[in-house]
Amino acid sequence: MNVVVVKYNAGNVYSVVNALRRLGVEPTFTDDARLISSADKVVFPGQGEAAGAMAYLRQRGLDGVIKGLRQPVLGICIGQQLLCRHSAEGDTDCLGVFDVDVLKFAPTRHEDKVPAMGWNLLYDMRRPLFEGIPADEAFVYFVHSYYVPVCGFTAAKADYILPYSAALNKDNFYSTQFHPEKSGGVGERILRNFIELT
C-alpha cells in the first residue's frame with residue numbers, strides 16, 4: 001500500500017511516520033504534489049502555527065492538491081484545523097474542506113489552562129475511524145489551544161471548557177484534533193482503521 005505523509009513546516013511528523021511503521025506500513029514523507037496525488041492514503045499531520053503552515057502549502061501549490069484528493073485523507077492536530085475554512089490563529093484562511101471555523105479556547109475558570117494538554121475521553125464516536133473502540137476506553141492524547149466547534153462534520157467529541165469536535169469526517173476526509181500516534185492502543189486502532197479503509 002502506498003501511504004504518503006505530507007511534508008510541510010509542521011512539527012511532530014516523525015512520530016506519525018514511526019506509528020505507521022509499527023503497523024507494517026512504510027510511508028513516503030514528501031511535499032511532491034505528484035506523489036501525494038497518486039497515493040492510496042494520505043496523512044496530513046503536525047503541530048504548528050496555521051498562518052505559516054498555510055503559506056508553505058500555498059507556495060508549493062499543495063493547497064489545491066490536498067483539497068482535490070479523492071483517496072482517504074487523515075488530518076491530525078494542525079492538519080484537522082487546516083482542513084477547516086478559517087482559523088482564529090493568525091486570522092488565517094485555510095483549505096475549506098470542512099465548512100467550519102477554528103476558534104481559540106477562552107478559559108472561564110482558574111483551572112482552565114490553554115493549551116489543553118493531556119489525556120481526554122472521546123464520546124459520540126462515529127464509524128469507520130472509531131470501529132472497535134469501546135466507549136469507556138476511548139482515551140486519547142491532546143495538545144492544542146484552538147478547537148473546532150461541534151458541527152455537522154463532527155465524528156467524535158471531547159470536552160474541555162466546552163464540548164468540541166475531537167474528530168471530523170466529510171466524504172473521504174477524516175481528521176482528529178488529538179494525536180493517535182501518541183494515544184497508545186486506542187490511537188493505534190484508529191490509525192489501523194484508517195489504513196484499512198476501502
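The values are calculated or read from the model by the stated rules, or taken from the named source; none is laboratory data. If you're wondering where the values come from, they're calculated on a predicted model, not measured in any experiment. Cβ placement follows ideal geometry from the backbone for every residue including glycine, while neighbour counts extend to all protein chains displayed. Note: accessible area is taken over every heavy atom of the protein model, side chains too, but ligands, DNA and RNA are not part of it. Shrake-Rupley method; radii C 1.70, N 1.55, O 1.52, S 1.80 Å.
Structural remarks
- Screening the candidates Lys113, Lys182, Lys170 for the property of being open to solvent by 70 Å² or more (accessible area, probe 1.4 Å) and closer than 21 Å to Thr92 by Cβ yields one hit, Lys170.
- Checking each residue in segment 89-110 for being surrounded by fewer than 19 Cβ atoms within 10 Å (Cβ to Cβ) and among the charged types (D, E, K, R) picks out Asp91, Asp93, Asp99, Asp101, Lys104, Arg109.
- Condition check for Glu89: part of a loop (DSSP other than H, G, I, E, B), without any contact (Cβ under 8 Å) to a residue 60 or more places away in the chain and touching a strand residue (DSSP E or B) at 6+ places or on another chain (Cβ under 8 Å): yes
- Every residue from segment 131-143 that is over 12 Å from Ser183 (Cβ atoms) and either in contact with a strand residue (DSSP E or B) (Cβ under 7 Å, 6 or more places away or on another chain) or open to solvent by 80 Å² or more (accessible area, probe 1.4 Å) (or both): Ala135, Asp136
- Listed by first and then second residue, the pairs linking a residue in segment 26-45 that is in contact (Cβ under 8 Å) with a residue 60 or more places away in the chain and open to solvent by 60 Å² or more (accessible area, probe 1.4 Å) to a residue that is among the hydrophobic types (A, V, I, L, M, F, W, C) and part of a strand (DSSP E or B), with Cβ atoms under 9 Å apart and 6 or more places separating them unless they lie on different chains, form an empty list.
- Against the criterion of being free of Cβ contacts under 8 Å to residues at least 40 places away in the same chain, in contact with an Asp or Glu (Cβ under 7 Å, 6 or more places away or on another chain) and of a type in the set (Lys, Arg), Lys67 does not qualify.
- Which numbered condition Asp124 fails, given (1) open to solvent by 70 Å² or more (accessible area, probe 1.4 Å); (2) under 20 Å from Ala88 (Cβ atoms); (3) more than 17 Å from the chain's Cα centre (by Cα): (2)
- Segment 14-59, residues that are assigned to a helix (DSSP H, G or I) and in contact with a Phe, Trp or Tyr (Cβ under 7 Å, 6 or more places away or on another chain): Val17, Ala53, Tyr56, Leu57
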